[in-house]
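S.K.: Before anything else, here's the structure in question.
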Amino acid sequence: MNLSLLRIAIAAAAVAVPATSQDLVAVKAKTIHTITGPSVTDGVILLQNGRIKEIGKQGEVEIPWAAKVIDASDKVVMPTWVLAHSNGGMRGSNESMQNVPWLTVADAIDPGSTFFEGMRRNGVGTIHVMPGNATLLGGTGMVLRPAGRTVEDMTMAANTGMKLSLQASGGSRLQKIREMRRAIAEIREYLADYNRQKEEFDKEKAAGAVGDDKKWEKEIDRKKQAAVDLIEKKLGGWLYVPSFAELSEAMRMGQELDLNFVLGSNLDEAMPMLQRLKKPVVLAEGLEYFETDPETREEEQFCTAKMLMDAGVPFALSLGSGGPTSNPWWQLGTCVRNGVSRKQALEALTIVPAKMIGLDEQVGSLSEGKLGNLQILTGDPLAATTWVHMVVLEGEIVYERSKDPRLQYLFEAAEEMSESGAPAKEEAPKKEEGK
Amino acid sequence: MHSIPHRLLGGLLLGALVAPTCAQDLLVRASRIVIAPGTTLTDSALLVRDGKVAYVGDEIPTEARAGARTVDYGEATVSPGFVLAATTLQSDSDLAEGAFAFTPDLRVAEAFDPWSERLEHLAPSCVTSFGMTPSPRNVAGGIGVLAKPGKERGRVLEADAFVGFSLTSAARSQEREPTSLMGARAMLSDAFETARVGVEVGPDLAVLQQVMSGARRAMVYADSYAEINAALALGQRFNFAPVLIGARDAHKVMARLAERGAGVVLPTLTATARLAELELPSKLAEAGIAFCFAGRPDQLRTSAALAVRHGLPREAAMAALTRTPATLLGQQAAVGALRQGCSADFVVVQGDLLDLGARHVATWVDGARACGADPEAPNPEERR
Amino acid sequence: MIRPLLACTLSLALASTAASQQDVTAFTNATVLPGGAPAMREATMIVAGGKVVALGSADAVEIPVGAVVVDCAGKTITPGLIDASFMTSVTADDANEQSDEVTPHLRILDSLDPEDPMMRRARRGGVTTVHVMPGTQNVIGGLGCVVKTHGSDPDQMVVKQDATMRIVMGSEPSNRNRAIRGGRIESMYYRRPTTRMGVVWAVRRAFFDAQEAMQKTQGAPDQGPPSPGIEVLTQVLQGKMTAVTTARSEQDLRTALRIADEFGYQTVIDEAQDAYMVADELAERKATVMLGAPSATDVGGGGGRDGAAPRSGTVRALADKGVKFVITTGTNTRRLPLVREAMFAARNGLGPQQALDAITIEPAKLLGVDDRIGSLAKGKDADFVIWSNDPLDPAAVAESVHIDGKPVSQLR
C-alpha cells in the first residue's frame, strides 16, 4: 500500500512539470466566468507570456496561428481559486513553542506534499500559507502557487504577514489573552528601549560626548524584527479568532495593529462588532455549526457566511485539509444552501481573498493583464458532479484530470466508454442534472 | 455511635412498645390546623391518644378535653408532617446487593438502623414518615419499608411495603449484568414472564407475582425518556402501574403516564433548574398525574415553593408533600393527613409552610415532639 | 448565544395540511423522483389519510374537490430517505450489553428516545426512517429496529420491531477484553475473546449452540421454549431473520462471508469499507452491502477504521460488479447528512437515480419494509421530502419533510 502510494505521489509530481511560458495559449470555452465582469458564452481567452491578453467571444478574438489551443468548448472556464489563509503544505504547521514570531513558513513548506497535489486537483491556484492556530505569535507566512519543485519556484509573495492566534491551548481563554497582551507589550518595551538608547546616543553625539567617527551600530534583534515590524504596522497580522468569546480582545488588538481576522465558529452574536471592522474576514473551513438551547434542548443551525452576508461584512472562504470541506464546490454549495448569493459565494474564493492578500491586480478574476491562472471545469463550479478538468497557472498546464493517477480508477470505465464510443452502461459521472 | 449491646437493648425495650405511647391524652391547640390540604380549621384543636389523632376540632368530647395535657401553639399553624416517598438515606452501600442485580426478595427492613444519625435530619425538615427504598444500583433491589423518624430513634411502620426497581444508569454501571438499558429491560421482562408462567416459584419471583396481582406496589427509579418508557412498557405488559422515582423526562410522556395511572416521585427542584423541570409539577397536576416531592429532605419546602412559583396551586403543592406520597406508598390510611385514626404526625410553623421565610417551630411524630419547641414545657430552655 | 426559538417551527403555509389526517392535499407541478423509477416532471401527488393516494402527470391525476393544493413548481419531491445504519445519541454504554459478548435477543429499541437530537437532525435532513442497531462492542449485539424519525412513543414509530440481528467482526468486540494473568480476576472483562480469531470463535459457538438446540427440539418437542438468544439465532439460521455483519477490512469481510457460508445463512454486510476488494464474492452470494459514509474517504483512499483502506471509487466498483448496496451514514463520526452521502456517491461515479435509490427504495427492500416506504406510489406511506431543487445538488435544502402525510420539519 505504502509503496504504491509513493509511486502515485511521484507520478503526480511529474504532472506538474512546467512547460515553457513564452507561448501563446488560447483557451476555448463554453462558458467563461470572469467573476468581476460578465460571463462570456462560447468565449476564448488568449494568454501571452503567462498573462491574459484578451478575453472575448469566439470569432471576435483572433487566435494567432502560433498559439497552442486548449479546446474546452464544452466546458466551463474560470479563475483558479484563491485561499486567503491555509495551514497546509507544511511539515508541522505549529511550532511547539508559543511565541515564535521569527519563524517563517518557507522553512516548513514541502513542495512534494500531497496537499499541493490536492490543491491542483481542486483548482486552487493561489494559497496564502500561514502557521497553524496553536501558537501565539506563530511566524510569518507566504503566498504560493501549488506547482513547482522548490519553494522558490512556488513563491508568489514572501513575508506576507504575521500569524497571531487567540486559540486557547491547554490553559484558559483568559490566560491566552493575557499571554498575547504580554507578548505584544514585551515587543513594545523592547522597541521603546531600543529607541531610547538610540536617542541617547544621538544626544550624546550632538553634545560631542561621543566621537564623530562613532556610528550607531546596534541593530534590532533579528529574532524580534518581524514582531517589531508588526508593532510598527510595517507588517500586517493575521489573527485567528476561535469564537465570539475572543472577539472583543481581537477588536481591541485591531485598533493597535494592522490585522486581518480569521474567524472560527459560534459567532452568531458577533455581527455588530464585525461590522465595525470595515474589512473583509476569512472564515475557517467549518461554515455551519449547531447550538443547543440549554432550556429547550432544541438545536439551531447557524451558518457564519450567511450571517456575514446579512451583516454586509465581506468574507473569504477556506478549504479543509480533508473530508467534504476540502472541496471548493462543497464550500460554495454550503454557502448557497444557507442563503448566500451565488455571486458572493464565488467571490469569496476568488477576488475577495485576492484583495486580502494584496494580489488582486494579479489573480482572483479573469481580466486583461492579470496572470493566466485559470481552471477548466467539466460543469458548473457549484455542482457536486463537476470535476476539475485542467488547471493552467501562468499559461502552463499544471494539472490534467486524465493524467491524475489517483482518479484513474474512478474513471477507467468512463474513459473506456468514451474511447470505444460505446453507449454508457450507466449515466456518466460528469453528466449534469438539468435544473 | 452506640455499642452493639446498647443498641440491641434499646431496640428491644422500645421495640416492645411499638410506638411511644403517652398515657395521658394530648390536646394540641393552634389558630390554624390543616387536617388535609383544603381542610383547615381555625382556632381549633386536635386530640391525640396513643400516638394517633383521636378527635379533630368540634368532635373532641368535653371530658377528653378536660383530661388532656394541653399544648397551645397560639398563632402558629399545625399541618400534617411531610411524607418523603423515596429515600435511601444515603446508605446505598447497605441497600444494594453488589454481586447480583436481581434481588427483589431482599428486605430493606433488615438494613434499617433505627439509631442512624441520618434520621436526625428528617424531623427538622418536617419529614414525619418516609419510604425507604433499596438502592437504585440494583435492577430489582428488594422490598422497601415505610419508616418514621423520632426524637431519639426511628422505627419501621410497615416492613413489607413495596418493591423497588431501578432502570437508571446507577443500576447499569456496575461490572455485572446488565450494563445497558436494553439488558436491564430484558432482565426484568424475562423475570416477570417466568413469574407469570411459573407455578411454583422462588421467593424472588413471588414478589413479582405480587406486583402483577396488584398486591404490591412497584416503585421504579427511572430518569430518562427511555427508562421511563421501559418502566411503562413493563407495567403495561405485566399489568401494574409503576411509581416512577426521578422521572427527569416525565414532561415528554405526560399522556402515557396519565393513561397508565403511573405516579411520579420528583427529585429536589432547584432555582437554577431548566424551565421544563420547574414547570413539571404544575403540568403533572393539570394532567391529573399523582406526584410528590422527594429528594433532599431539607429542600422539600423549597421544591414545593419553587413549583408554586411556576404555577402549581398551593393546595396541590401541600398535597404533593403529604397526602399524595402517602397514597403512592399505599399508606394513606396511616399517614399524610391529620384525620381520625392517622398517626399524630404534624409540623408547627409560624406562618405559611410554603413561604420560605416562615419559621418552623416544631415537628411531632406519633404524638411526641421529635424536634423544636414545646410552649408548655416546664423547662424554659426547652421552649426555645 | 441562542436566540429564543419560535415555539412553532412549522410555517403557516403548510400547517393547514397537518390539521387532520382526513384532509386531502395535492402537491402539484413538482419534479418527483419516486424511488426505483425514473423522474416524473410536473407531476401531481395526492396525499390523504397519511398515504399517497395518487401520483402521476398533471393530466392523469384529478385533484379532488376541496383538496388543499400546494404548488411545488421548481421543487423536487423524493420519498423520505431511509438511513439503514443510523447512530442515535444512545451512548455506547447503553447500546452494548457488556456483561456478555453474545446477546442476540436484546433490543436497541428499548433505549430509543423519540426526541433524540441526532434523530431530529436526521429528520431535518430529509430522513424519515432509520434502522438502528445495537452498538459494535459485542460479537452478537442484539436486534435492530426500523423506526420513523418522528413521534412521541417508539412503539408507535416502529415500522419493524425485530428487523435484523447484528454480528460484529474485527477488533471492536475484543479490544476491551483482557487475558487473565497472575490468576486474579477483578473485572468481567477478563474473558474471551481478546483476538480477531476469538471473535469468530464466539460467533461460531453461538450458531453451533443454536444448531444443537434446533436438533434437540426436533427430537424432543416437549422441552420448554429455548432461551431467547437461541431463538433469535435459530431464526437467522432458518432465514426468518436478517443477519447484519459489521465488517470493515478485507479480512473481516471475507470472514463474515465464510461464517455465513459455514452455517448457511445469508448476511448483509455493514460498513464494508473494503467491499471493492471482495466485490466478486459479494456478487456471487447476492449479499447486500450497507456502505457506511462514502464521503469519509478522500480521493486516493486510506483513513478507514479497523485496518480498512476505503476509497472513493467503491460505489462505482460495486455497481459495476452488480453488487447490491445501500448508502448509510454508518459509524462515521463526521456525520454528514444522508443525502450528502448519496451526493458524494453520485460524484464518484454513481448515476443520480442509482444514488437516490441507495437511500430510499434499496434500504427499504433490504429491511423488508418496501411495501410501505422507500418509494412514492399509490398506497405507500406519505413519507416524502420537498427539496428546493435537485437533492443531489450541494446547495439543495429539505424545505419540508413529511411523515405519514404530516409535515414534521420545515425550513424557517
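FYI, it's all coordinate maths here, none of it is from the lab. Being a predicted model, the structure only gives us computed values, none of them experimental. Positions of Cβ are backbone-derived with ideal geometry, glycine not excepted, and every protein chain shown enters the neighbour counts.
S.K.: May I ask for the Kirkwood hydrodynamic radius of the protein assembly as shown, worked out over all distinct Cα pairs and given in angstroms to one decimal?
M.R.: One over the average 1/r among Cα pairs gives 35.6 Å for the protein assembly as shown.
S.K.: Among A:Ile63, A:Ile351, C:Ile180, what is the fewest-to-most ranking by other Cβ atoms within 10 Å?
M.R.: Ordered from fewest to most neighbouring Cβ atoms within 10 Å, A:Ile63, A:Ile351, C:Ile180 come out as C:Ile180, A:Ile63, A:Ile351.
S.K.: Bin by bin, in steps of 10 Å, what percent of the Cα pairs in chain B do you find, going until the bin that has the longest distance?
M.R.: Result, from short to long distances: 5, 24, 31, 24, 12, 3, 0 percent.
S.K.: Turning to a different aspect of this structure: Give me a comma-separated list of calculated 3J(HN,Hα) values for segment A:145-155, in order, Karplus coefficients 6.51, -1.76, 1.60 applied at θ = phi - 60°, integers in Hz, x for any Gly or Pro.
M.R.: For segment A:145-155, the Karplus curve yields 9, x, 8, x, 9, 10, 4, 4, 4, 8, 5 Hz.
S.K.: OK, next. Using the Cα centre as the reference, give the magnitude of the dipole from point charges on the C-beta atoms of segment B:187-324 (Lys, Arg: +1; Asp, Glu: -1; all else neutral), rounded to the nearest 20 debye.
M.R.: The calculated dipole for segment B:187-324 is roughly 400 debye.
S.K.: Please state, to two decimals, what the Cα-based radius of gyration of segment C:44-133 comes to when divided by 2.2 N^0.38 Å (N = residues).
M.R.: Here the answer is 1.61, to two decimals.
S.K.: Have a look at C:Met214, C:Met45, C:Met165 and tell me which one the Gaussian network model of chain C (Cα, springs below 10 Å) gives the largest fluctuation.
M.R.: Top of the fluctuation ranking is C:Met214.
S.K.: Could I ask something else about it? Give the share of C-alpha pairs in each 5 angstrom bin for segment A:15-113, from 0 to the last occupied bin, in whole percents, shortest bins first.
M.R.: For segment A:15-113, the binned pair fractions read 3, 11, 16, 16, 12, 10, 9, 9, 7, 5, 2, 1 percent.
S.K.: Greater than 18 Å separation of Cα atoms is the criterion. Which listed pairs, C:Lys286/C:Lys321; C:Lys286/C:Lys365; A:Lys163/A:Lys233; C:Lys286/C:Lys324; A:Lys75/A:Lys355, meet it?
M.R.: A:Lys75/A:Lys355
S.K.: Now for a separate question. How big is the convex hull of the Cα atoms of segment A:229-272, per residue, in Å³?
M.R.: 60 Å³
S.K.: Once amide H atoms are placed 1.01 Å from N in the peptide plane, what residues at a sequence separation of 5 or more from C:Gln98, or on another chain, have their amide H within under 5 Å of its amide H?
M.R.: B:Thr179, B:Ser180
S.K.: Restricting to Cα atoms and excluding each atom paired with itself, what does the Kirkwood estimate give for segment C:311-389 in Å?
M.R.: This gives a value of 13.5 Å.
S.K.: Round to the nearest 10 and give me the degree value, 0 to 90, for the angle of helix A:2-15's Cα axis relative to the longest principal axis of chain A.
M.R.: For A:2-15 against chain A, the angle is about 90 degrees.
S.K.: Let me ask you something else. Helices from chain C with mean Kyte-Doolittle at least -0.5 and a Cα length along the axis of 30 Å or more, per DSSP H: which?
M.R.: Helix filter hits for chain C: C:196-219.
S.K.: Still on this structure, I have one more. Using the Cα gyration tensor of chain A, with a ≥ b ≥ c the square roots of its eigenvalues, what is the shape: rounded (a/c below 1.5), prolate (a/b larger than b/c) or oblate (neither)?
M.R.: Prolate.
S.K.: Could you grab the relative contact order for chain A? Cα pairs under 8 Å, six or more apart, rounded to a whole percent.
M.R.: 18 percent
S.K.: So, one more: Helix-derived [θ] at 222 nm for chain B: sum -39500 (n - 2.57) over DSSP H runs of at least 4, divide by residue count, nearest 500?
M.R.: Theoretical 222 nm ellipticity from helices: -7500 deg cm²/dmol.
S.K.: I've got another one for you. Restricting attention to the alpha-carbon atoms of segment B:120-255, what are Rg (one decimal) and Dmax (integer), both in Å?
M.R.: Just the Cα atoms of segment B:120-255 yield Rg and Dmax of 15.8, 48 Å.
S.K.: For chain A, what does -39500 (n - 2.57) per DSSP helix run (n ≥ 4), summed and divided by total residues, give at 222 nm, in deg cm²/dmol to the nearest 500?
M.R.: -9500 deg cm²/dmol
S.K.: Moving to a separate point now. Check which residues have an amide H placed less than 5 Å from C:Arg178's amide H, if you skip close sequence neighbours.
M.R.: Here C:Tyr190, C:Arg191 satisfy the definition.
S.K.: Relative to the Cα centre, what is the charge dipole magnitude of the protein assembly as shown, using +1 at the beta carbon of each Lys and Arg, -1 at the beta carbon of each Asp and Glu, and rounding to the nearest 20 debye?
M.R.: 740 debye
S.K.: Rank A:Ala226, A:Ala311, A:Val82 by how far each Cα sits towards the positive end of the charge dipole of chain A (+1 on Lys, Arg Cβ; -1 on Asp, Glu Cβ) and give me just the farthest.
M.R.: A:Ala226
S.K.: Treating only the Cβ of Lys, Arg, Asp and Glu as charged (+1, +1, -1, -1), what charge dipole size does chain A show about its Cα centre? Round to the nearest 20 debye.
M.R.: Approximately 500 debye in magnitude.
S.K.: For each of B:Tyr55, C:Tyr189, B:Tyr73, A:Tyr190, count neighbouring Cβ atoms within 10 Å of the residue's Cβ, then give the residues from fewest to most.
M.R.: The most exposed by this proxy come first: C:Tyr189, A:Tyr190, B:Tyr55, B:Tyr73.
S.K.: Could you derive backbone 3J(HN,Hα) for segment B:103-117 from the dihedral phi with the Karplus parameters 6.51, -1.76 and 1.60 (θ = phi - 60°), listing whole Hz in sequence and x where the residue is Gly or Pro?
M.R.: So the Karplus estimates, Gly and Pro as x, are 9, x, 9, 5, 10, 4, 3, 6, 9, 6, 9, x, 9, 3, 5 Hz.
S.K.: Label 7 Å along Cα→Cβ of B:Glu376; segment B:73-89 residues with amide nitrogen under 13 Å?
M.R.: Residues B:73-74 qualify, since their backbone N sits under 13 Å from the label point.
S.K.: In Å and from the alpha-carbon atoms only, list the Rg and Dmax of segment A:214-370.
M.R.: My reading of the Cα-based Rg and Dmax gives 18.6, 75 Å.
S.K.: Taking only the alpha-carbon atoms of segment C:76-127, what semi-axes of the equivalent ellipsoid follow from 5 times the gyration tensor eigenvalues under a square root, in whole Å, largest first?
M.R.: Here the semi-axes work out to 27, 12, 8 Å.
S.K.: Would you kindly calculate the mean projected area, averaged across all directions, of the convex hull enclosing the Cα atoms of segment B:253-319, in square nanometres?
M.R.: 4.1 nm²
S.K.: Classify segment A:255-342: rounded, prolate or oblate, from the alpha-carbon gyration tensor (a ≥ b ≥ c, eigenvalue square roots; a/c under 1.5 rounded; otherwise prolate if a/b is larger than b/c)?
M.R.: It is oblate, given that a/c is not under 1.5 and a/b is not larger than b/c.
S.K.: Also, I was wondering about something else. Classify segment B:59-181 as rounded, prolate or oblate from the Cα gyration tensor: take a ≥ b ≥ c as the square roots of its eigenvalues, call it rounded if a/c is under 1.5, otherwise prolate when a/b beats b/c and oblate if not.
M.R.: prolate
S.K.: Rule-of-thumb check for segment A:166-227: C-alpha Rg over 2.2 N^0.38 Å?
M.R.: 1.68
S.K.: To continue, here is another question. Could you work out the percent of alpha carbon pairs in segment A:99-228 separated by over 25 Å, rounded to a whole number?
M.R.: Tail fraction, whole percent: 48.
S.K.: Here is a follow-up. Specify the angular offset, from 0 to 90 degrees and rounded to the nearest 10, of the alpha carbon long axis of helix B:225-238 from the longest principal axis of the alpha carbons in chain B.
M.R.: Once rounded, the angle reads 90 degrees.
S.K.: Mind listing which GluC sites (Glu not before Pro) in segment B:96-201 are in a DSSP loop and have 12 or fewer other Cβ atoms within 10 Å?
M.R.: B:Glu175, B:Glu200
S.K.: OK, next. Step through the residues of segment B:304-318 one at a time and calculate ³J(HN,Hα) from phi using the Karplus curve (6.51 cos²θ - 1.76 cosθ + 1.60, θ = phi - 60°), rounding each to whole Hz and writing x for Gly and Pro.
M.R.: So the J values, rounded to whole Hz, are 5, 5, 5, 5, 5, 4, 9, x, 7, x, 4, 5, 5, 5, 5.
S.K.: Give the Cα extents of chain C along the principal axes, in whole Å, largest first.
M.R.: 76, 53, 51
S.K.: Taking H as built 1.01 Å from N, whose amide H comes closer than 5 Å to the amide H of C:Ala54, not counting residues under 5 places away?
M.R.: Here the answer is C:Ile46, since their amide H atoms fall under 5 Å of that of C:Ala54.
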